[in-house]
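The next block holds one structure in the form of structure tokens; read it before the comments.
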Amino acid sequence: MRQFYPNWRPTSLGRQVNRFSGWWSGLGLPPKFQAVLEVHGRKSGRKRSNPVVIATVAGGRYLVSMLGPGSDWVKNVEAAHGDAVIRQGRRRPVHLVAVPPPQRAPILREYVRIASSGRQHFPLPVGAPLSDFEAIAEHYPVYRIDPS
């Protein structure tokens, strides 16, 4: 984790890995839970792309910020009022809706299960009880993906 995200910011190696992961995920190749989130930068206004993992819980699709509320993509989504594009082989305009902390625990548990690289940023292991995820839910933003 230190090679990629010391102080919760990507290093040059982390940025390179993110670029490759974004390219791969954007093609729509397996695994199907990987995608690219495109959102306009809050300062530059330019399109910013980030590789993301989509967690599916009870038929809903969700994005989780493994780096917490300080993540650039979270700040950009908030500035864009939830308007974004998900790229998984094709581009789909979406609207991201913030999930309140009391509803995040099952989504966080699923995210930790499927996101092998993202789980390093969580203090809980795969299979931890739901009550443990409830205790950390306020520290990890979650967004429901709605069609635009």
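Worth pointing out:
- Using a cutoff of 8 angstrom between alpha carbon atoms and counting only pairs six or more residues apart, the relative contact order for the chain works out to 24 percent.
- For the chain, the ratio of Cα radius of gyration to the globular rule of thumb 2.2 N^0.38 Å stands at 0.98.
- Per residue, the solvent-accessible area of the chain (1.4 Å probe, heavy atoms of protein chains only, all protein chains present) comes to 56 Å².
- Rg ratio (alpha-carbon, reference 2.2 N^0.38 Å) - region 78-148: 1.22
- Taken about its Cα centre, the chain carries a charge dipole of roughly 660 debye when the Cβ of each Lys and Arg holds +1 and the Cβ of each Asp and Glu holds -1.
- Computed [θ] at 222 nm, deg cm²/dmol, the chain (DSSP H ≥ 4; -39,500 (n - 2.57); rounded to nearest 500): -8000 deg cm²/dmol
- Under-5 Å amide H pairs with Asp83, H placed in peptide plane, nonlocal only: Leu96
The values are calculated or read from the model by the stated rules, or taken from the named source; none is laboratory data. Bear in mind that the values here come from a model prediction, so they are computed numbers and not experimental data. Note that we place each Cβ from the backbone using ideal geometry, even for glycine, and neighbour counts take in every protein chain shown. These area figures cover heavy atoms from the full protein model, side chains too; ligands, DNA and RNA do not enter into them. Shrake-Rupley method; radii C 1.70, N 1.55, O 1.52, S 1.80 Å.
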